[in-house]
Every structure is written in structure tokens, then in C-alpha cells.
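Please read the structure below before turning to the comments.
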Amino acid sequence: MERHHHLVCIRCGAVQDDYDREFDRIAPPRRLAGFTAHGVSVQVHGLCNACAQAAETRQSPHAPKRRTKRWPRSSREPRRNTI
Ligand SMILES: [Zn+2]
């Protein structure tokens, strides 16, 4: 599987794959207790295009309800190690 990263919308929860080479440069920490790292994938939190536009055009005081949880708790960490 090709190395890729995730762009996660904090508003609607949409997840896009990202193939930015800048993120590929991040090296895993040399010492990880009880773990051999093969790589790092980055999870970027922000707004997708649709939500960014919605935020600009109609600024609602209330954030829309979150739809479904797409990811288990463990994947919410900013960085995930991939094998
Ligand atoms: Zn969104």
C-alpha cells in the first residue's frame, strides 16, 4: 500500500487521503518502547472545502451535528504508525 496521510475535517468528519511528500519526510522517533516503527502517517485536522466555504458564507453560531463516527478512538491520535 502506498504511503499516504489523512486530512480530517473537524466539522463533518470527512476523511481525504493525502499524498503530500512533505509529510513523508517525517521520521518516526528512534526509540519507541516495545515497537518497531516502519513509517509514519500524518493525520491533519481542519476544514474540508465544503465546510470552509460554508463557514465563510453563512456563519452559524451553532456547529452542525456530527454525523457518524467513522474512526475508532485509537485513530484520533495525530500520528499513526503504519506497517
Ligand atoms: Zn467538512
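FYI, it's all coordinate maths here, none of it is from the lab. Bear in mind that the values here come from a model prediction, so they are computed numbers and not experimental data. Note: ideal-geometry Cβ built from the backbone for every residue, glycine included; neighbour counts use all protein chains shown.
Assorted remarks:
- For the stretch 1-61, applying the loop criterion from DSSP together with a ceiling of 10 other beta carbons within 10 Å to the trypsin sites (Lys or Arg not before Pro) yields ARG25, ARG30, ARG31, ARG58.
- Near ARG11, the amide H atoms lying under 5 Å from its own belong to CYS48; only residues 5 or more places off or on other chains count, and H is placed 1.01 Å from N.
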